[in-house]
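All remarks here apply to the structure that follows.
A short reminder: the numbers here are calculations on the coordinates, not readings from a lab. Computed from a prediction, not measured in an experiment: that's the story for all the values here.
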Amino acid sequence: MDKRNCLIKSINCGLEFTSCIIVGVFVGIFIDKKVQCFPLFLVIFLILGCIAGYFNMMRYIEKNR
């Protein structure tokens, strides 16, 4: 049961990281379409999504240590 619990925690941690990046990309694309300057906000929110995903992943790891 311990291996299964560890696997579930690892998958959950990866999903936390990727979901922040995906949300950042979609928000960036949405704003780019509204403002009509395509790559600018996509890149900004992609970077912000990566940073947020990293901090969420670190918080999740510290909480489940």
| message | Given contacts defined as C-alpha pairs under 8 Å and at least six residues apart, what's the relative contact order of the chain, whole-number percent? | response | 38
| One-quarter of the Cα convex hull surface for the chain, in nm²? | 4.4
| query | Between Ile29 and Leu15, what length comes free when the chain is fully extended (0.36 nm per residue of separation minus the Cα-Cα distance, one decimal in nm)? | reply | 3.0 nm
| said: With θ taken as phi - 60° and the coefficients 6.51, -1.76 and 1.60, list the Karplus ³J(HN,Hα) couplings across segment 29-35 in order, rounded to whole Hz; mark glycine and proline as x. | reply: 5, 4, 5, 4, 5, 6, 8
